[in-house]
Amino acid sequence: MSTAPTTGPGPTIRLTQFASGGGCACKIPPGELEGVLAGLLDPARDGSGGGSGDDLLLGVGDDAAVVRIGPAGPDGRAVVATADFFTPVVDDPWTFGRIAATNALSDVYAVGGTPLVAINLLAWPRTTLPLELAREVLRGGLDAARAAGCHVGGGHSIDDPEPKYGMAVTGLADPDRLLREDAARPGSPITLTKPLGLGVLNNRHKQTGEVFAEAVAVMCTLNDVAARGALDAGATCATDVTGFGLLGHLHEVTRASGVGAVIDAAAVPYVGGAREALRDGFVPGGSRRNLDWVRDHLDADGIDESELLLLADAQTSGGLLVAGEVPGFPVVGEFRAGPPRIAVR
């Protein structure tokens, strides 16, 4: 269900019209990004999940960098560092700030950490958009951080042709209880903690101005409860589902862990209106690129192309994909022994 657009200061201004992309769908495509990063870091030296005696426990290819501080042992601690920012995914500035900050905080939860302090990252076209709108964006980010119990201490801003906002977040974690991408094991259920369909709905919002309250609520929901549930259930493997879609992020996990996976398409939940948005053609370019990237690693005979597009839909501030059953959240598949391929049934 949609409602009339909501606005902050400057009710005639639609933030999404000042950006070529929107939310996590504006990420550099995963295949292109891998080419850029190839050879820049040596996993054996710089961390790829960490090795014995390596203080960088998570780094290359993970949701956040995790560095052990202090000696190993039962009282050990690790610092978590991440950054995330993007162009407007909704028109309302305060809501955009909340979504962007919630998304940035998600990478800390995705590795099993707790956010401690964040700094703002703001790009703003100061001669095109009123600075009062930038203030509302920052206020939304501050409110999201406060909801997470995370301090906000300043940040950095630049004059930029397109508005962008996010946060660099520092957190703490138990180095012996991390959630990582390379720890999926055959037989583990696949849990998804937020519904999909945010990409197609955000694209519809950008094109039409329709506001989807359920999608906004999902994007503004912290992943703290999901992360605690995963850790309490004994999970050791997780990632968050954002710009590369469920299939793209699952592909990263299967490849890092050396396992296969099966997705039960009928078990995957979607935000209301997502299928209608897909039917009406509101598919982000990022979602199509995600599907193109993983297609060679899919076994999906008999599955409609539209279903695969939804499974590859570029999410903004999505949920966690957990190897293990997390009480209160749906199981959508299972990891299995074999090559790192994804079967969709």
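Descriptive notes on the structure:
- Breaking point among (1) in contact with a Ser or Thr (Cβ under 7 Å, 6 or more places away or on another chain); (2) closer than 18 Å to Phe86 by Cα, for Ala145: (1)
- Helices (runs of 4 or more DSSP H) contained in region 188-237 and holding at least 3 residues in contact with a Phe, Trp or Tyr (Cβ under 8 Å, 6 or more places away or on another chain): 198-208, 224-232
- Subset of region 65-85 (residues that are buried (at least 24 other Cβ atoms within 10 Å of the Cβ) and either among the aliphatic types (A, V, I, L, M) or at pLDDT below 95 (or both)): Val66, Ala78, Val80
- Of all the criteria given as (1) modelled with pLDDT under 95; (2) in contact with a helix residue (DSSP H, G or I) (Cβ under 8 Å, 6 or more places away or on another chain); (3) outside any helix (DSSP H, G or I); (4) small (Gly, Ala, Ser), the one not satisfied by Gly302 is (2).
- So Thr95, is it closer than 15 Å to Tyr109 by Cα, buried (at least 17 other Cβ atoms within 10 Å of the Cβ) and polar (S, T, N, Q): no
- Residue match in region 266-287 (condition: hydroxyl-bearing (Ser, Thr, Tyr) and surrounded by fewer than 16 Cβ atoms within 10 Å (Cβ to Cβ)): no
- Filtered residues of region 239-269 (kept if under 24 Å from Asp224 (Cα atoms) and either without any contact (Cβ under 8 Å) to a residue 60 or more places away in the chain or in a loop (DSSP other than H, G, I, E, B) (or both)): Val241, Thr242, Gly243, Phe244, Val268, Pro269
- Residue identified as of a type in the set (Gly, Ala, Ser) and over 21 Å from the mean Cα position of the chain (by Cα) among Gly155, Gly149: Gly155
The values are calculated or read from the model by the stated rules, or taken from the named source; none is laboratory data. Bear in mind the structure is a predicted one, so any value in this text is a computation, not a measurement. For neighbour counting, all protein chains shown are included, and Cβ atoms are generated from backbone atoms with ideal geometry for every residue, glycine included.
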